[in-house]
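Undergrad: I have a structure here, written as structure tokens, and I will follow up with some questions on it.
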Amino acid sequence: MTPTEATTRHIVQAACPHDCPDTCALRVTVEGGRAVAVHGDPDHPPTRGALCTKVSRYTERSYHRDRVLTPLRRVGPKGAGRFEPVGWDEALAEIAARLGAIAARDPQAILPYSYAGTMGLVQGDGMAARFFHRLGASLLDRTICASAGGHALAATYGAKVGMHVEWFAESRLILIWGSNPITSSVHFWTLAQEAKRRGARLVCIDPRRTETAERCHQHVALLPGTDGALALALMHEIIAGDHVDRDYVERHLEGWPELRERARQWPPERAAAVCGIEAAVIRELALAYATTKPAAIRLNYGMQRVHGGGSAVRLVALLPCLTGAWRERAGGLLLSASGWFRSARRDAWLQRPDLLGARRPRTVNMVTIGDDLLRPASADFGPRIEALVVYNSNPVAVAPDSARVARGFARDDLYTVVLEHFLTDTADHADLVLPATTQLEHWDAHSSYGHTYALLNRPAIAPLGQARSNAEIFRALAARLGYTEACFADSDEAMALGAFDPAQVDLAELRERGWSKLRIADAPFAAGGFPTADGRARACGPGLALPDHVPNYESAISAPELAARYPLAMISPPARNFLNSTFVNVDSLRAIEREPRIEIHPVDAAPRAIASGATVVVRNDRGVYRCKAEVSERARPGVVNGLGVWWRKLGIAGTNVNQLTHQRLTDLGGGPSFYDCLVEVEAL
Ligand SMILES: Nc1nc2c(c(=O)[nH]1)N[C@H]1C(S)=C(S)[C@@H](COP(=O)(O)OP(=O)(O)OC[C@H]3O[C@@H](n4cnc5c(=O)[nH]c(N)nc54)[C@H](O)[C@@H]3O)O[C@H]1N2
Ligand SMILES: Nc1nc2c(c(=O)[nH]1)N[C@H]1C(S)=C(S)[C@@H](COP(=O)(O)OP(=O)(O)OC[C@H]3O[C@@H](n4cnc5c(=O)[nH]c(N)nc54)[C@H](O)[C@@H]3O)O[C@H]1N2
Ligand code: SF4
Ligand SMILES: [Mo]
């Protein structure tokens with residue numbers, strides 16, 4: 001630090017790293033080398049100067065007393081969380097020796113495990129991907145969040161593309177479907193409220209009466225996993241009422257005749273019985289959706305975390321094609337915008353898959369890590385997993401069937417390295433924990449899945465303690481393993497500044513302002529032009545079967561014997577003051593969430609003698625979750641809401657909600673079925 005830096009106050013332009021569709025542009029105030037405040041950039045259109053509660057307290061997290069600031073070696077049993085400091089040299093030498101020895105036998109026995117602790121293109125799968133490709137480690141299928149919906153969008157539109165979020169402010173009808181934006185995408189909610197002030201009608205489709213649902217004009221509280229049936233019945237009514245935009249479907253939709261036949265099989269009464277709602281509600285909603293223009297749908301990922309999640313998203317995504325809602329910029333649908341960045345991001349350069357050469361390592365699905373860590377070597381699976389390198393993720397808390405995940409991580413013959421800010425449930429199982437920098441301390445570049453701006457993150461402060469960026473750690477490991485390719489010498493700054501294609505992103509503006517909007521038409525599909533082979537959206541066609549409603553794995557219809565023992569459906573959506581399992585250890589935020597809890601409707605609570613505030617046991621064949629009951633009409637009858645992914649060690653009796661969820665995959669994309677889960681709740 002120079003003397004001037006030590007005494008002056010300045011602002012550094014940054015980006016929020018979290019797994020959130022809003023990807024805010026940040027301004028970090030630095031005083032005397034210390035970050036003292038984080039604000040939203042008032043000039044960045046999606047951010048508009050506002051941040052969520054979590055990130056406005058980002059300095060509390062970065063300067064947290066429990067930050068891991070030196071490499072640590074485990075001294076107690078796995079999971080006990082007892083460590084002692086070691087030097088970087090010793091840590092890196094040990095890791096290089098252990099990974100090198102395994103790789104000499106078969107590098108596929110090494111598994112990198114990462115998700116979206118940071119969404120940065122450099123500290124996410126930048127240098128790490130280069131390293132693991134060069135090593136020839138197993139590949140990880142990063143399915144834990146969005147892959148059912150992502151595959152559904154790709155099947156329907158050709159890519160994960162949709163409306164510009166800004167134009168929702170001009171919509172006249174907004175269906176907020178499987179999404180709780182007051183919690184998970186607060187900047188979208190600001191736009192929805194603007195639309196409401198201008199006279200738009202807001203409808204929320206969600207089993208839970210969320211904060212968002214109670215502020216909408218209408219709340220449709222369907223049963224979890226029944227959205228496909230609802231979408232088909234809406235189509236039935238749109239067709240029956242002669243509201244189809246025939247010109248649009250004929251020109252821009254493949255498989256329309258087949259879809260029309262399928263929709264005819266779904267009169268509102270049939271769907272109403274499946275969804276647990278009134279047929280009249282479906283009729284009214286279909287009429288409103290077909291006749292209000294522009295009409296927009298904001299899907300989020302909540303609805304796709306069930307067996308039939310992929311089919312449901314495909315069906316919902318076809319609705320704006322039927323009515324021609326895409327013709328206007330404030331009509332259509334937004335689930336993800338990340339496909340708009342597909343060619344703007346220089347992924348091949350950032351990640352260097354070519355370093356695999358002719359090798360084709362197996363791919364491990366991150367959702368089934370519980371089973372896969374316990375799997376022996378076999379012809380199908382390949383070698384047993386001998387080493388795990390975890391970064392940007394907390395699988396012991398967030399992956400389904402977590403008692404099994406913890407058992408896998410507890411294997412004594414597994415060598416585990418975790419790059420982290422904190423001693424999470426996962427880090428507690430590591431042989432070595434390496435201290436990682438936070439977003440305030442490193443360079444990065446960001447795309448977004450909720451808007452269409454590229455962003456740059458400049459470091460505001462020097463790394464705390466001995467922390468190093470993920471990229472710096474993998475660069476050092478590459479050097480220890482003797483990798484001499486020039487890409488391992490690229491600095492974090494060079495990677496951040498090189499992350500986007502200059503032909504598609506205005507790099508001068510990106511450097512100057514910290515963000516730059518992609519050039520995309522206002523109403524990109526007004527005249528078709530979807531990124532499919534022939535520009536048409538697809539209901540079905542060669543290699544693509546027509547979607548139908550797919551019942552949950554665990555429901556009275558598909559598993560009556562199970563439903564007799566576990567009669568309540570459980571969903572486990574995000575807690576407002578946490579971000580997945582991030583922030584659970586930030587005192588001020590945990591104080592707002594208080595304790596892990598499950599919402600249960602009075603009609604389900606009464607026969608079980610459950611009162612608000614009581615500690616309850618939520619159980620099924622996979623395990624037991626202890627938490628507090630909240631008797632509340634936020635839950636609908638028959639469905640309980642287990643809110644938030646708590647750290648197990650900060651929960652009650654070392655459990656969290658994923659003790660109950662299972663590892664079965666969605667119909668498309670190999671995603672998790674977190675919200676497809678039957679349980680029983682008992683008073684203690
Ligand atoms: N504060 C906060 N913000 C977050 C997160 C967080 O943990 N906390 N997580 C971030 C991440 S990783 C993601 S992926 C995004 C998106 O996160 P999502 O998982 O999409 O979360 P929500 O927007 O809360 O929407 C989920 C809503 O879907 C509802 N739901 C559950 N099952 C069904 C169903 O079968 N059908 C329908 N129609 N609705 C259903 C839930 O009740 C919930 O209100 O949010 C991000 N933002
Ligand atoms: N039951 C249930 N389970 C769920 C969900 C649910 O709704 N219900 N949601 C699912 C969803 S949508 C998702 S996306 C997953 C999320 O799963 P994860 O991506 O694992 O998310 P987090 O729990 O936030 O853990 C991220 C970790 O990365 C660390 N981290 C952040 N930045 C950095 C960095 O720069 N370097 C390093 N080395 N570490 C960093 C953080 O400290 C944090 O511990 O969870 C899933 N699990
Ligand atoms: S978590 Fe989301 S809303 Fe909060 S600052 Fe980050 S991008 Fe913005
Ligand atoms: Mo997610």
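The values are calculated or read from the model by the stated rules, or taken from the named source; none is laboratory data. Predicted model, so just to flag it, every value in this text is computed and none were measured. Cβ atoms come from the backbone with ideal geometry, glycine included; neighbour counts cover every protein chain shown. The area values use the complete protein model at the heavy-atom level, side chains included, leaving out ligands, DNA and RNA. Shrake-Rupley method; radii C 1.70, N 1.55, O 1.52, S 1.80 Å.
Undergrad: When the residues of the range 207-242 are filtered to those that are more than 26 Å from residue 55 (Cα to Cα) and of a type in the set (D, E, K, R), which remaining residue is nearest to ligand 1 (Cβ to nearest atom)?
TA: 227
Undergrad: Could you tell me whether the range 582-596 includes any residue that is polar (S, T, N, Q), in a helix (DSSP H, G or I) and more than 23 Å from the chain's Cα centre (by Cα)?
TA: Yes, the range 582-596 contains a residue that is polar (S, T, N, Q), in a helix (DSSP H, G or I) and more than 23 Å from the chain's Cα centre (by Cα).
Undergrad: Output the qualifying pairs, or none if there are none: Cβ atoms under 9 angstrom, residues six or more apart or on different chains, first residue in the range 462-481 and farther than 16 Å from residue 351 by Cβ, second residue open to solvent by 50 Å² or more (accessible area, probe 1.4 Å) and of a type in the set (Phe, Trp, Tyr).
TA: Final answer for the pair search is 464/63.
Undergrad: Among what's in the range 86-113 and is among the small types (Gly, Ala, Ser) and touching a Leu at 6+ places or on another chain (Cβ under 7 Å), pick the residue that is nearest to ligand 2 (Cβ to nearest atom).
TA: In this case the residue turns out to be 91.
Undergrad: Among 579, 568, 546, which is surrounded by fewer than 18 Cβ atoms within 10 Å (Cβ to Cβ) and in contact (Cβ under 8 Å) with a residue 40 or more places away in the chain?
TA: Being surrounded by fewer than 18 Cβ atoms within 10 Å (Cβ to Cβ) and in contact (Cβ under 8 Å) with a residue 40 or more places away in the chain holds for just one of 579, 568, 546, which is 546.
Undergrad: Looking at the range 548-585, which of its residues are of a type in the set (Val, Ile, Thr), away from ligand 4 (no atom under 16 Å from the Cβ) and either in contact with a helix residue (DSSP H, G or I) (Cβ under 7 Å, 6 or more places away or on another chain) or within 19 Å of residue 208 (Cα to Cα) (or both)?
TA: Answer for the range 548-585, where residues must be of a type in the set (Val, Ile, Thr), away from ligand 4 (no atom under 16 Å from the Cβ) and either in contact with a helix residue (DSSP H, G or I) (Cβ under 7 Å, 6 or more places away or on another chain) or within 19 Å of residue 208 (Cα to Cα) (or both): just 550.
Undergrad: Ok, one more. Just need a number here: residues in the range 325-343 that are of a type outside the set (Asp, Glu) and surrounded by fewer than 21 Cβ atoms within 10 Å (Cβ to Cβ).
TA: Total satisfying the criteria: 5.
Undergrad: Moving on to the next point. Can you pull out the strands (runs of 3 or more DSSP E) entirely within the range 249-367 that have at least 2 residues that are in contact (Cβ under 8 Å) with a residue 24 or more places away in the chain, over 30 Å from residue 189 (Cβ atoms) and not hydrophobic (A, V, I, L, M, F, W, C)?
TA: 363-365
Undergrad: Something else about it: Looking only at the range 626-679, filter to residues that are aliphatic (A, V, I, L, M), part of a strand (DSSP E or B) and out of contact with any Cys (no Cβ under 8 Å at 6 or more places or on another chain); which one of those is farthest from residue 426 (Cα to Cα)?
TA: Residue satisfying both the conditions and the ranking: 631.
Undergrad: Name the single residue, out of those in the range 113-170 being in contact with a strand residue (DSSP E or B) (Cβ under 7 Å, 6 or more places away or on another chain), away from ligand 4 (no atom under 16 Å from the Cβ) and part of a loop (DSSP other than H, G, I, E, B), that is farthest from residue 391 (Cα to Cα).
TA: Residue satisfying both the conditions and the ranking: 163.
Undergrad: May I ask you to verify whether residue 251 is farther than 23 Å from residue 526 by Cα, surrounded by fewer than 21 Cβ atoms within 10 Å (Cβ to Cβ) and out of contact with any helix residue (DSSP H, G or I) (no Cβ under 6 Å at 6 or more places or on another chain)?
TA: Considered against the rule, which asks whether it is farther than 23 Å from residue 526 by Cα, surrounded by fewer than 21 Cβ atoms within 10 Å (Cβ to Cβ) and out of contact with any helix residue (DSSP H, G or I) (no Cβ under 6 Å at 6 or more places or on another chain), residue 251 comes out as no.
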